[in-house]
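The values are calculated or read from the model by the stated rules, or taken from the named source; none is laboratory data. Everything numeric in this text was worked out from a predicted model, so none of it was measured. Virtual Cβ from ideal backbone geometry, glycine too; neighbours counted across all protein chains shown.
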């Protein structure tokens, strides 16, 4: 397993915790980016800040300014912040490298996103940076903020005010806007952000680099990502898996590659979007996927504050039923349940007079308005739930008294202590406006994640539970299978022929050599040869046209099934030749494939494709109508583990079909999982562009690949 | 169409705008509900407030207190607020009625929710109130707050501070907690709530009553509902439809009846939850369904501020791409699109220097950091979009400068004016913490709905669009069909037999008389009769066992298809009798049904059931595996209009099946819609408990009900 080498780590350390900073393009004008950046740098408390101003200004914001980078009286300036026009960047960056630059932030736009010239400039920048071992954040970025070093390398000086305490959450965002919106949500929640990095155009710092850095960053407990698109899904995936193995990684995705679309197209033409492949990679790497900035923040927050629950049973404490009902709906949809309270808990709820006499002790524990008026009751109940073996986590719902002088404040610290002692996470839906700063600060100090609605509290708890299950997944993949030398030789032969599309019997031979069960298939070059092949195979047989020019055989009359005897075979052969000649007049015909009829059973599809960004991708779905009508398929990057394959199997909507509907025998899931694993290794090992085992028929406790298409 | 009579309306008017108020159980102790209630009443600015305190206190909070209701020196006290223990309520309410009470709020719990005794007390309360024409909010409620009359009849005096301005949104919630959480969200958004009503136990004021009142309430522009459960779905539905016809109604549901479950059970045993029927009723009534308190508030807010868009084409203005990508994802999923900018708009964006030179004019209009620094650009772009015929609505994404003195404030008023002039809605994702009160107030004053993230802004705009489409739905149902007298007579005959389950040929005769195409089906009482029936019908035929004791004929060998001739028929009949006798030994056999084979085609299910709360419910789904594996069905309350039926058809997931997969001819949607309408009227007109046309085979441009089950 790769990771980050020492030199790269040192460069990142210097970038994030510089001793000295130069602001190139520092401006005297308050409304210019170069002024914002200088103010941010000055708010950083870094040892030396050197404003560079080509216009000859002598001082900006109380600091001596320099007319050029060369003029800076320091030969080891760690960090350069560039706020000059695009045309000055390359030269400036060269000068910075000469000044011992370790890291740079380039705010300026007009590179990769702006036509061929911009792309060329960015490539040059990358080459210079890579050679010098310098890490560039950007171009076209908001920059970064690091609470531990207090380095504010953005054009938002206010970040230094918003986050005065060091935090444990690192947010890495492609977009400065999403980082900004996210930072405001964290600030509103009184949760300190640890590190905020906007990658922008990613000249030479990619998500994969950040993940490798953060995996071992002692200041990062939780990683939150916002991704619009990835150039190299495979590299991201590998780094994400490494990082997610040691700390939780939450991801919000938007804007997808064409990968999923392409995989889908190879099967039916219009099945799924690229989102499917992204989501598959996220899931497979053990990332926690979320669907909005708000959910990203909510989830990172609870992960930074709470221990994972040991199980899925939640105890709800409330003074009002409605929000608890909403929370319960969300918990249930996420696989969590309201735990059954133990008799001891129920008895104590009654005997201690916690509940009013008309309220039976049950989960949710409904304290009614008495709980609103006396919040100490929440702590009493939490202490009972802490002892209850049937409860793994607590969710409290309570309205702030909104400053009413006759209601005592919620004893948040006692509540937090009780939760911490129990080792069970507790979350609160705190009904207060977010300008109730003191109340929210109290929750943060108590180590309890507080949310403005019961739904968001429940969703956050559900994500905490998902994260704990991701951590439990088996991490080690089985070694790849040893394919026989015969397979490699055969593939080499086929490739040397220069053909792209294999014939069916060839594709099946490849599968066969890889240990995948196929229906024995013989190529026959005429009616008589077909007859003797059938005699050898045994009737009934199926007959299919063999032509590298025909992808969809049945569309041109190229498939005849259930041929019971020689007479039927001969008739079918003649008919097929006649129809195919009419419907596919230009096609080169290699003959026909003869194969035994596969017993009836449940028809599935297993296949895959090679995506330019994600590499080999394996796919599984139910056959026919399921794929065509609702695109019900699951994807993963190949190769997959058996655990991955099992997840794929549970992911499809029509999973009930596998259990055997209408008296059909259930599909043997072990065999199916092993088949998916085998196909995924085949895709990973050989340069197959597209593979489509369709249908694979599951029958008699095993399976047979009845038809297969493959191309290089 | 019913509605609310004058007397009831007058009672509600008195309840919501009382001249005088009595607080029964007013307490001197700051932490008691009776003290909170009195403080709320005193904050109301109502003419007279009479504290009633049985303990002989002479004055509370500066007001003279009375030892009993009888002692109040006013014989026309409009509103009574009860904060006394449960056991005193009935007597107190009687005394209140004698004092001329028009409305009452009963905060006290311990009624319907608390066992048989509580339920009895609530029934008594209702009887007394109904007789006296008094409207009761509660028991077990937070009460209500009305901004127009300033009446605060809750135990949250702070509501009077939170909402000092009259608002146009009415929130009706079963739960006080959800109302409270919602009110806080509105307050945080600086949006005044108009009326807040918590129905609690609903002694004699139901959602239906409130909807009828609000339909004509001049102070209500938007209705928001939180519903945990309904006793009478049908009554709710009728009132909701009336109200939604004149103003938008948003609904958040949680906690469902068994209705949907039951409908589902009649088909496969475990198909869908009751949620399906609730959601169907909401949709059919024209309500806008949402899924969280936050979405309820967000949606009510935009409905109260913005005109509906005339189309689905959105123009996005931003200074940062990421949030715009997130917004676009959400818009796309909701059926909205990014409009193509006109050439005139593009030209102006360039020629006016709105965009930086490296940024092509496109949608989203990305102003880059220049837009962050100079917010006047947003107004310029909005003015261009206002003139652009390809844009129906605008979504702006912008970060607050968070108090940075070097950035001018966003010209929210100019932006709002430009939007108002254009008649196109504009919404903004405003990146600011919610304690930026001045900024949020500016947006409200400008009449622009502002949201803390791009996703929520996009979702709100999508809901505004949904609402405008709901308003466009045809409102008038076709008159019910005139069924022939023969049908009524036949149903009466069948019912007089006392049997619950009809035989197949009887069910089909009912359908036939209702104008629904069925396969002609003859009951034969032995092999010879079957043979002569088949001769008359014409081969091939199907044979099915006829027994009121057998619901699932094929499970007991009671179905034989494709019988080509007499010999096959006789063999099948003998075999069927043998197998059925073995598999269903106790069943009474009436004979066999003989019917022609229906041509092959697409198999669907149309049926329905009678729910105790919702009445007749019609159901449509794809046949077989679709229903069994993923419960892919749509429901509506019967009868339905053709527009409803068409909606049902588009609602199912596997709708592509109807378009004809794998060369199958498409299902004739007009015929399908008419069939659903006909079945719905049959269910509405006759006391059918369950009806299951399964399968209905669509073939040759028409359909045939191949099998049917019906019970009374």
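Summary table below
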{"item": "Candidates B:467, B:446, B:401 - the one that is in contact with a strand residue (DSSP E or B) (Cβ under 8 Å, 6 or more places away or on another chain) and either crowded, with 19+ Cβ neighbours inside 10 Å or more than 30 Å from residue B:244 (Cα to Cα) (or both)", "result": "B:467"}
{"item": "Counted residues, region B:337-359 - those being away from chain A (no Cβ under 14 Å) and in contact with a helix residue (DSSP H, G or I) (Cβ under 6 Å, 6 or more places away or on another chain)", "result": "3"}
{"item": "Total residues in region A:282-323, condition assigned to a helix (DSSP H, G or I) and more than 14 Å from chain B (Cβ to nearest Cβ)", "result": "11"}
{"item": "Condition check for residue A:80: under 23 Å from residue B:400 (Cα atoms) and in a strand (DSSP E or B)", "result": "no"}
{"item": "Sole residue being under 30 Å from residue A:282 (Cα atoms), in contact with a strand residue (DSSP E or B) (Cβ under 9 Å, 6 or more places away or on another chain) and modelled with pLDDT of 90 or more, chosen from A:621, A:558", "result": "A:621"}
{"item": "Single unsatisfied condition, residue B:232 versus (1) under 26 Å from residue B:169 (Cβ atoms); (2) at pLDDT 80 or above; (3) in contact with a helix residue (DSSP H, G or I) (Cβ under 6 Å, 6 or more places away or on another chain)", "result": "(3)"}
{"item": "Filter result (farther than 20 Å from residue B:313 by Cα and not in a helix (DSSP H, G or I)) within region B:342-359", "result": "B:352, B:353, B:354, B:355, B:356, B:357, B:358, B:359"}
{"item": "Hey, residue A:111 buried (at least 20 other Cβ atoms within 10 Å of the Cβ), in the same structural domain as residue A:86 (by TED's automatic domain parsing), in contact with a strand residue (DSSP E or B) (Cβ under 9 Å, 6 or more places away or on another chain) and touching a residue at least 12 places away in the same chain (Cβ under 8 Å) or not", "result": "no"}
{"item": "Scan of region B:85-94 for residues that are within 15 Å of residue B:26 (Cβ to Cβ) and away from chain A (no Cβ under 14 Å), ordered by number", "result": "B:88, B:92"}
{"item": "Qualifying residue in region B:168-182 (condition: surrounded by fewer than 24 Cβ atoms within 10 Å (Cβ to Cβ) and not assigned by TED's automatic domain parsing to the domain that holds residue B:439)", "result": "yes"}
{"item": "Odd one out for residue B:44 among (1) within 14 Å of chain A (Cβ to nearest Cβ); (2) in a loop (DSSP other than H, G, I, E, B)", "result": "(1)"}
{"item": "Enumeration of residues in region B:11-41 that are assigned to a helix (DSSP H, G or I), touching a residue at least 40 places away in the same chain (Cβ under 8 Å) and away from chain A (no Cβ under 14 Å)", "result": "B:11, B:12, B:14, B:15, B:16, B:41"}
{"item": "Subset of region A:369-380 [within 11 Å of another protein chain (Cβ to nearest Cβ) and part of a helix (DSSP H, G or I)]", "result": "A:369, A:370, A:371, A:372, A:373"}
{"item": "Strands (runs of 3 or more DSSP E) contained in region A:143-226 and holding at least 1 residues out of contact with any helix residue (DSSP H, G or I) (no Cβ under 7 Å at 6 or more places or on another chain), away from chain B (no Cβ under 11 Å) and within 29 Å of residue A:448 (Cβ to Cβ)", "result": "A:193-198"}
{"item": "Residue match in region A:43-51 (condition: farther than 20 Å from residue A:15 by Cβ, touching a helix residue (DSSP H, G or I) at 6+ places or on another chain (Cβ under 9 Å) and surrounded by fewer than 17 Cβ atoms within 10 Å (Cβ to Cβ))", "result": "no"}
{"item": "Subset of region A:630-647 that is surrounded by 21 or more Cβ atoms within 10 Å (Cβ to Cβ) and without any contact (Cβ under 8 Å) to a residue 40 or more places away in the chain - its residue that is farthest from residue A:237 (Cα to Cα)", "result": "A:630"}
{"item": "Filter result for the condition that a residue is surrounded by fewer than 17 Cβ atoms within 10 Å (Cβ to Cβ), at positive phi and at pLDDT below 95, over B:30, B:62", "result": "B:62"}
{"item": "Residue within region A:381-396 that is at the interface with chain B (Cβ under 9 Å from one of its Cβ atoms) and surrounded by fewer than 23 Cβ atoms within 10 Å (Cβ to Cβ) present", "result": "no"}
{"item": "Selected residue (criterion: nearest to the other protein chains (Cβ to nearest Cβ)) from residues of region A:110-133 that are touching a helix residue (DSSP H, G or I) at 6+ places or on another chain (Cβ under 6 Å) and in a loop (DSSP other than H, G, I, E, B)", "result": "A:110"}
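Residue-by-condition table, conditions (1) away from every other protein chain (no Cβ under 14 Å); (2) out of contact with any helix residue (DSSP H, G or I) (no Cβ under 8 Å at 6 or more places or on another chain):
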position: B:615; (1), (2): yes, no
position: B:621; (1), (2): no, no
position: B:642; (1), (2): yes, no
position: B:647; (1), (2): yes, no
position: B:660; (1), (2): no, yes
position: B:676; (1), (2): yes, no
position: B:684; (1), (2): yes, yes
